[in-house]
Amino acid sequence: MDRPFRTDLAAEQRELTVGAGSLQGVRASSEQRSGFDVSTVEILDQKGADALCKPIGKYITLGLEPLIGRASDAFEDAAGLLAGLIRELLPTDDGKGTLVAGLGNDEMTPDAVGPLAVNAVIATRHLKRGMPEDFAGFSTVSAVKPGVLGATGIESAELLRSACRAADPARLIAVDALASASLERLCRTVQLTDAGIVPGSGVGNDRAAVNTASLGLPVLAIGVPTVVDAAAFSDSPDAAGMFVTPRDIDSSVRDVAKLIGYAINLALHEGLTVADIDMLKS
């Protein structure tokens, strides 16, 4: 089916396709957790994948309105909830650890969510090898920022395959920027999926897929919409191929990237708190 404009969000694509109705091969639900809206879309088979133009898999969308509204303890609540959702989708690491990849271009703010999130991740693989007793309470975590093809000349998926061979993780978490069809969702929504990700797909610049098929291990993709297709709110033919981002994109991207990085830490290192992360990353 032809899409009127681009969106990487499965929940949004379902809304655009059928509203509140149902689709064959697609199961959807929504709930509130700790005051946050959480919606789940499961694409069960190829019919569902064709209908939503997304790979088969589970897609969880977390709305960040309480955090945007600066509600009391909202950051800690959001980080804890996001950590729980990460644990729901991640398989066990069997002691081999996790590789966290920040996809995107850290020199272009709307595309910097992944690299900035990795800056907040606590990497421990080297520490556990050098001081195993001191870091016995931490899980094994490696982190990498593969950059973008235009700067490196190498596909992110190729660099990640090399990193996986070196670190030998049991699973990979990839963080990237997404595109939305709604201005209201920009930097206010986090999507998690076990279907992996195709870097650049949201803006029509598809690169090699980062998923289980390409890397040979489970991949959890975490994404945040930072741009919206201009065709979503403009009838002008000049809007085709244009993407819009908010005026406060710098602070918004920094905030949501920190949230994701902290949530990954909470998910991977049992017993860690937000205050602990503040101390370790200061």
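The values are calculated or read from the model by the stated rules, or taken from the named source; none is laboratory data. Computed from a predicted model, the values in this text were never measured in an experiment. Don't worry about glycine lacking a Cβ; one is built from the backbone with ideal geometry, like all the others, and counts go over all protein chains shown. Just so you know, the surface numbers come from the protein's heavy atoms only, side chains and all, with ligands and any DNA or RNA stripped out. Shrake-Rupley method; radii C 1.70, N 1.55, O 1.52, S 1.80 Å.
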| field | Ala195 vs. criteria among the small types (Gly, Ala, Ser) and touching a Ser or Thr at 6+ places or on another chain (Cβ under 6 Å) | value | no
| remark: When (1) modelled with pLDDT of 95 or more; (2) over 30 Å from Ala232 (Cα atoms); (3) of a type in the set (Gly, Ala, Ser) are applied to Gly102, the one that fails is (2)
| said: Here is a check on your reading of the model: is Asp194 among the charged types (D, E, K, R) and out of contact with any strand residue (DSSP E or B) (no Cβ under 8 Å at 6 or more places or on another chain)? | reply: no
| query | Taking into account only those residues within region 122-137 that are in contact with a strand residue (DSSP E or B) (Cβ under 9 Å, 6 or more places away or on another chain) and under 18 Å from Arg165 (Cβ atoms), which is surrounded by the fewest Cβ atoms within 10 Å (Cβ to Cβ)? | reply | His126
| said: Can you pull out every residue in region 165-192 that is within 29 Å of Leu16 (Cβ to Cβ) and in a helix (DSSP H, G or I)? | reply: Leu183, Glu184, Arg185
| request: Go over the candidates Leu259, Leu280, Leu266, Leu272 one by one and state the one that is outside any helix (DSSP H, G or I) and either at pLDDT 90 or above or under 23 Å from Thr40 (Cα atoms) (or both). | output: Leu272
| Pick from region 148-157, criterion within 19 Å of the chain's Cα centre (by Cα) and open to solvent by 20 Å² or more (accessible area, probe 1.4 Å), ranking: modelled with the lowest pLDDT | Val148
| query | Take the residues of region 246-282 that are touching a residue at least 24 places away in the same chain (Cβ under 8 Å) and open to solvent by 50 Å² or more (accessible area, probe 1.4 Å): which is nearest to Gly95 (Cα to Cα)? | reply | Glu270
| Wholly within region 6-121, helices (runs of 4 or more DSSP H) carrying at least 3 residues that are open to solvent by less than 20 Å² (accessible area, probe 1.4 Å) | 10-18, 46-52, 74-89, 113-119
